[in-house]
Structure formats: structure tokens, C-alpha cells
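Below is one structure; the comments refer to it alone.
Please treat every number below as a calculation from the coordinates, not as lab data. Predicted model, so just to flag it, every value in this text is computed and none were measured. Cβ sites come from the backbone with ideal geometry, for glycine too, and all protein chains shown count toward neighbours.
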Amino acid sequence: MSLPVLEARGLTRTYRIAQGLFKPRVELFALANVSFTLSPGRTLGVVGESGCGKSTLARLITLVEPPTAGEFSLDGLPAAGAQGATLRQLRRTVQMVFQDPYGSLNPRKKVASILQEPLKINTTLNPGEREAAAREMMARVGLRPEHYGRYPHMFSGGQRQRIAVARALMLRPKVVVADEPLSALDISIQAQVLNLLMELQESFNLAYLFISHDLSVVRLIADEVLVMYLGRPVEQGARDDIFREPLHPYTRALLASTPRVDPSLRAKPFVLKGEPPSPINPPSGCAFRVRCPHAVPTCAESRPELADVGGRKVACHLAGQV
Amino acid sequence: MSDAVSLLEIDNLTVTFAGGAFRAVDGLSLTVEEGEVLGIVGESGCGKSVAMLATLGLIGYPGRVSASTLRLAGQDLLEISPRQRRRILGKEVAMVFQEPMSSLNPCFTVGYQIMETLRTHEGGTRKELRNRTVELLQQVGIPSPEKRLRAFPHQLSGGMNQRVMIAMAIACNPRLLIADEPTTALDVTIQKQILELLLNLQRERGMAMVLITHNMGVVAESAHRVAVMYAGQVVELQPSGSLFNAPRHPYTAALLNSLPERGAPVAALGARPRLPSISGLVPGQFDRPGGCLFHPRCVLAHTRCTLENPALETVDAKGVRCHTPLTGPLAGVWAEATSGQPAAVIPEGQ
């Protein structure tokens with residue numbers, strides 16, 4: 001295996017939230033203590049419900065905002081707190097594909113200028129070279145040459161997502177962060193875009209940070225899986241281990257809640273009670289304990305840290321026992 | 001088809017927009033029996049929501065609705081006056097919409113909005129209405145309902161708002177509940193809760209339910225019968241069990257094959273399989289093909305498909321709109337598809 005292109009250690013992001021005029025501000029942990037490594041050609045699937053910190057993680061990795069604690073490196077260069085020329089250099093190595101292709105493409109720009117924009121800002125290529133690069137990338141993502149001069153509204157959702165993917169790849173990044181890239185698309189189109197992402201990963205040797213709430217998709221594309229709950233990783237490990245035998249009760253609940261077509265694939269019916277608690281005032285100890293069917297008094301007293309259990313990392317006091 | 005009168009009968013329903021140029025729903029015929037869960041699946045733009053809205057008379061200008069029969073519990077919905085229709089909507093038949101955040105009125109408390117339905121249809125004193133509303137909130141699993149009566153939609157989570165929508169829909173004990181993508185905007189664990197809630201209410205009250213969704217897993221887990229729609233037409237109608245094991249329409253088969261769920265077992269072998277995807281796009285207003293609407297994307301299409309649109313033929317309560325419907329179990333289809341072939345299947349009589 002080659003050197004990791006993305007290494008994160010203890011990434012944390014907190015926000016200070018105003019509660020009201022005369023109340024003190026509180027610290028909100030949007031993301032706490034996330035560590036992982038990602039090698040070229042590999043995919044890390046990040047799974048969790050809304051508000052679990054998935055998108056905050058994407059914002060940190062794409063250098064949109066700096067982490068409050070922890071560090072990470074992109075392509076061997078320390079990225080946390082990078083500034084100036086280093087930051088500009090790093091931004092080229094990581095690009096993002098957003099969830100909603102209807103909102104992430106500028107409706108006033110033609111495909112041509114959407115694709116050339118990253119080159120204009122980051123490279124010294126002349127217009128002819130830029131056009132050649134844009135046209136080549138269009139062919140790679142399955143867009144026809146005549147699409148070059150069209151506006152985004154002239155395309156279907158699947159084609160727009162292809163444009164978004166092409167734009168992300170224009171600078172030949174090493175890491176692509178995809179934040180729910182399929183959830184705005186129809187089923188038959190999802191399969192097309194998923195296939196495209198896998199093909200591009202192989203031909204450009206890309207590392208994907210693939211954020212999704214759809215476990216079936218993650219199971220298909222990811223090599224490793226990171227399950228998060230309320231900003232903290234609860235289970236992290238190789239895809240096959242986690243899907244074969246999920247050890248954290250939350251991972252199990254997620255798997256059991258995913259609707260399945262094949263009766264044989266359905267897990268034991270298990271409906272999780274309640275909703276995720278507010279991150280402003282999280283429960284003491286393990287954040288999941290209020291919804292957990294196995295919670296014991298210890299769970300309220302101390303927060304379980306990630307520990308090696310059964311070949312992966314699990315943050316649960318009862319991991320391997322229930 | 002039973003001899004008894006169905007709860008909802010739709011025959012030859014057509015909805016057109018743009019002066020007849022665009023057929024959103026094209027000759028749709030469906031029945032819903034008392035106490036059954038009918039799933040309607042299809043991709044966006046296939047007309048599944050529009051069909052149900054048209055049934056309830058909720059399609060306004062410039063849409064045009066026509067049908068041979070449109071009957072709810074013996075009442076002809078084509079003939080009735082707007083006043084009579086308002087008496088039925090919310091009472092005999094109720095609807096739960098996709099986005100709870102935008103379908104509730106942000107200016108009124110949720111308690112007020114539920115009471116409004118009750119007041120319109122059943123009446124009663126303030127106290128009675130209030131008690132009934134608290135009871136409803138309890139039934140849909142909202143904790144401390146007395147307090148929640150005074151909450152505004154923005155103070156509740158998406159899941160809680162959807163529960164409020166459901167409380168509003170079941171307030172007058174409807175005989176038919178139409179749920180239009182009730183779980184799409186929600187997180188998986190909440191999605192499961194809402195689905196369980198809907199199914200429990202359906203069983204307890206013996207309501208009929210029409211579940212409109214694009215999620216194959218959701219229908220497979222809850223519906224008794226499933227109608228698959230494509231470009232405004234029902235292409236397949238089958239009991240849920242046999243539909244997912246042995247789809248007869250190539251579109252259904254291809255759709256099921258392209259589910260990531262079905263690709264996962266192969267992925268576990270270490271390979272990076274490609275999902276067998278359906279090439280091309282759903283036809284729109286200007287590129288509606290002649291003949292079978294699916295033929296440009298169908299791997300089995302032959303000359304007849306390009307000329308003649310097949311009728312929905314029903315045998316043993318299983319309907320399929322195809323000249324050469326598939327036979328044989330899906331397992332075989334999938335095995336072939338993974339061996340690098342397109343989703344090839346064995347057509348009947350060839």
C-alpha cells in the first residue's frame with residue numbers, strides 16, 4: 001500500500017453559540033476527536049444522521065475552515081492552520097462534490113466556464129489549453145462534446161452531477177470529498193453516477209471521503225467505514241467487518257433501519273426510540289445512551305473512548321458483550 | 001379483482017399540462033381495496049404524485065384531468081361540487097405530504113392546525129377538541145402532548161412535524177390515507193419510526209393506505225400490492241412478494257438490479273463491481289417515444305415495441321405492460337448481469 005494521502009489525528013471543531021443576550025456563550029462540539037488515514041485509490045465512507053458532524057468533517061478536510069484542535073496532513077503536508085502559498089497549494093489537492101447538483105452549479109455560467117474556472121484561478125494555462133483540458137474532462141465523465149456551450153438548466157440531475165464531478169477533477173486533486181453525491185438523484189441515475197465515481201477513482205487513483213446516509217451505497221463503494229453520532233466516531237473499521245458484525249448498538253440500529261428489498265437481507269426488526277439529542281446540551285457519558293436498548297449505569301458516568309474490539313475501533317462500554 | 005366494490009376506483013385517469021402537450025399521467029387505472037396498503041413506486045416525474053392529487057381534485061389550472069371512472073367509496077368524484085369535495089377531503093380520505101416542514105403552516109401552533117381539521121369536519125366544544133387533539137398527539141407518539149399543542153412547527157424536529165402531519169391526517173378516521181413520500185426528508189432511524197407508526201395505525205384502524213415512494217426498500221417492507229409507474233403509466237402491478245422476486249416488466253427488473261443493495265453481496269467478494277444501470281433518461285415532454293414508452297432504454301426491445309404501446313394485461317391479479325414480459329426468477333437475471341452482460345433476461349415465447 002502506498003503512503004496515505006490524507007491523515008487526520010484528533011480532529012475537533014467547536015462552535016461558540018450565543019444562547020441569548022445575557023446568557024453566556026456555550027461550546028458546541030460539532031466534531032470531536034476524529035482520526036483516520038486514507039490512501040490513494042481507497043474510499044472512506046462516513047455514515048450518520050443529520051447533525052452528526054459529517055458535513056463539518058467535509059468542511060475541515062476541504063480547508064473551508066480550520067479545526068479547533070487536532071491536526072491533519074494532505075499529501076504529506078501539514079494542513080491544519082496552513083496559510084498563504086501552502087494553503088493555495090493544498091487546496092488543489094482536495095476538491096469537493098456537493099449534494100445537490102441543482103444548487104451547486106452557477107446557473108449563469110456555461111459548462112465551459114464552470115469547468116475552466118478552477119484552472120483560471122489556480123494555473124497559468126492559456127485559454128486554448130484550458131479548453132482542451134475541459135473538453136478532455138467532459139469526455140472522461142461521459143458528457144458529449146456538444147454540451148460544452150450549454151447552461152446547467154439544460155441538463156438532467158444525473159448530467160449535472162457529472163458536471164460537478166468534472167469540475168472537481170479539473171485540478172487533478174488527490175482527495176475528493178463527496179458529500180451525499182447521490183441523494184438528490186433517481187435510482188436508475190444513482191447507479192450511473194456511482195459507476196462513474198468508481199471508474200474515475202480507478203483511472204485517477206483518487207482517494208474518496210464519501211459521506212452518505214445510505215448504507216447500501218457505502219457498502220458498495222467504501223473500503224473503510226466511519227460511523228458517527230453527535231460529532232463523535234462510534235465505530236470505525238474495515239467495511240466487511242462492520243457490515244458483517246456491527247458491534248456498536250448505533251451501527252446496528254442504522255443497519256436495521258435501512259429499508260431492504262430482499263427479505264433475506266433484512267435485519268431483525270429493531271426500531272430505535274427517540275431522536276438524536278441536542279448537541280448544545282448532550283447527555284452525560286455516552287451520547288447514545290438515551291436511545292440505546294442496552295444502556296447500563298456506567299454509560300451515564302463516563303464516555304467510552306474508541307477501543308480496539310474485534311478488529312475495528314468501537315466506542316462502547318459494552319462492545320463485544322451485547 | 002374482487003366482486004365487492006373497491007374503496008377507490010380509478011379508471012383511465014389522464015392528467016395533461018401545457019394545453020394537452022404534456023401527459024403527466026396517461027390512462028392510469030388502479031383500485032384500492034378496503035384495508036390494503038398499495039405502494040406506488042417510480043422515479044421522479046413518473047406521475048405518481050400527480051395521479052393521487054388528481055384523484056382528490058387537487059390539480060388546478062393549467063392542469064387538466066379526465067377519467068372514465070373516479071370513485072371513492074361509491075361516491076363519484078368527477079361529479080361532485082367543490083363544497084361536497086371539501087366535506088370528503090380530510091374526512092374520508094386524508095393525505096400526508098413529503099416535507100413536513102413546508103406543508104405545515106409556520107404561523108399557527110400545531111395544536112391549532114390539528115384542531116382546525118376536527119372543527120371543520122366534526123365540530124364540538126373547545127374542550128372536546130383540545131382533548132381529542134391531545135389524544136391524537138399521544139397516538140402518534142409525541143411526548144408530553146399538552147405542551148406540544150402550543151408549539152410552532154419550527155420548534156419541532158422534522159420527525160416530530162411528520163408525526164403532527166399524521167395526527168392531522170388520521171384526526172377524522174379516514175378510510176383511505178394517501179402518504180406521498182412520507183419518509184423521504186427524514187433520517188434513516190426516524191424514517192423507520194414513521195413507517196412503523198403509519199403501518200401500526202393502518203392495521204389498528206383498518207384504513208387503506210396508498211404509499212407513494214421512490215424507495216424500493218420502503219415499499220418492499222410495507223406494501224401488499226405494488227404499482228410501478230414509468231412516464232405516467234402503470235407498467236407493472238403485482239403483489240409485493242412476487243414483484244420483488246419475479247418482476248415481469250424489464251423496467252422493474254432493471255430498476256431492482258441497479259439497487260446498490262443488490263450489488264453489495266458481490267462487493268463483499270473483493271471486486272469493485274459496476275451496477276447494471278439503465279442507460280438513457282426518463283422521457284420528458286418533448287422526447288416521448290412512440291410505441292412502448294420504455295423501448296429506447298430497454299435491452300429487450302424489438303420492432304413491435306417501437307410501433308405499438310402494449311396494454312396493461314392482467315392475469316391472476318398480476319398486470320404487466322409489455323409485449324414480451326419476463327419469466328423466471330430475478331436471481332437468474334442478476335447472476336447474468338454480474339457476469340458482465342447487460343441485464344439480459346429470458347423473454348416469453350422466444
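The ellipsoid that matches the Cα gyration tensor of the stretch B:86-161 has semi-axes, each √(5λ) in whole angstrom, of 19, 16, 11, with the longest given first. You can think of it this way: the chain between A:A238 and A:T86 has 51.5 nm of extra reach, that is 0.36 nm per residue less the Cα-Cα gap.
Between the Cα long axis of helix A:84-93 and the first principal axis of chain A there is an angle of about 90°, rounded to the nearest 10. In the stretch B:133-262 the Cα-Cα distances spread across 5 Å bins starting at 0 as 2, 9, 19, 19, 17, 13, 9, 6, 4, 1, 0 percent of all pairs. One way to sum up the overall shape of the stretch A:241-322 is the equivalent ellipsoid from its Cα gyration tensor, whose semi-axes run 23, 17, 10 Å, largest first. A Cβ-based charge dipole, computed about the Cα centre of the protein assembly as shown with Lys and Arg at +1 and Asp and Glu at -1, lands at about 1740 debye.
Across all C-alpha atoms in the stretch B:1-147, the radius of gyration and Dmax reach 17.8, 52 Å. With Rg and the Kirkwood Rh both taken from Cα atoms, where does Rg over Rh land for the stretch A:178-322? In the stretch A:178-322, Rg relative to Rh is 0.99. Over the residues of chain B, the helix contribution to mean residue ellipticity at 222 nm works out to -10000 deg cm²/dmol, using -39500 (n - 2.57) for each DSSP H run of at least 4. Residues considered: B:A227, B:A67, B:A179. Largest GNM mean-square fluctuation over chain B, using C-alpha springs under 10 Å, is found at B:A67.
Computed over neighbours whose Cβ is under 13 Å from that of A:A85, the net charge equals +3, Lys and Arg +1, Asp and Glu -1.
Assign one of three labels to the stretch A:57-193, namely rounded, prolate or oblate, based on the Cα gyration tensor with a ≥ b ≥ c the square roots of its eigenvalues; rounded applies when a/c is under 1.5, prolate when it is not and a/b is larger than b/c, and oblate otherwise. In terms of gyration-tensor shape, oblate.
Over all projection directions, the Cα-based convex hull of chain A averages an area of 19.0 nm². Considering only Cα atoms, the convex hull volume of the protein assembly as shown works out to 184 Å³ per residue. For chain B, complete DSSP H runs whose alpha carbons reach 15 Å or more along their own long axis and whose mean Kyte-Doolittle score is -0.5 or higher are B:110-121, B:158-170, B:188-205. Net charge near A:G311, counting Lys/Arg +1 and Asp/Glu -1 over other residues with Cβ under 11 Å of its Cβ? Overall, the nearby charge balance is -1. If both residues of a DSSP beta bridge must be in the protein assembly as shown, then about 60% of such bridges are antiparallel. Peptide A:209-222 shows a mean partner chain C-beta count of 4 within 10 Å per residue C-beta. Looking only at A:N205, A:N126, A:N195, which one moves most when chain A is put into a Gaussian network model with springs between Cα atoms under 10 Å? Most flexible of the set in this elastic network: A:N126.
When the Gaussian network model of chain A links Cα atoms closer than 10 Å, the mean-square fluctuations of A:V193, A:V165, A:V47 top out at A:V193. The count of lysine pairs in chain B that are at least 8 places apart or cross chains, and whose C-alpha atoms lie under 28 Å apart, stands at 8. A viscosity of 1.306 mPa s and a temperature of 10 °C, combined with the Kirkwood radius over C-alpha pairs in the Stokes-Einstein formula, give the stretch A:21-127 a diffusion coefficient of 95 µm²/s. In the stretch B:129-249, taking the dipole from charged Cβ atoms about the Cα centre, the farthest positive-side position among B:Q139, B:G232, B:M160 is held by B:Q139. With only the Cα atoms considered, the stretch A:45-101 has a convex hull volume of 107 Å³ per residue.
The ranking of A:C316, B:C172 from fewest to most other beta carbons within 10 Å of each one's beta carbon is B:C172, A:C316.
The alpha carbon convex hull volume per residue for chain B rounds to 154 Å³.
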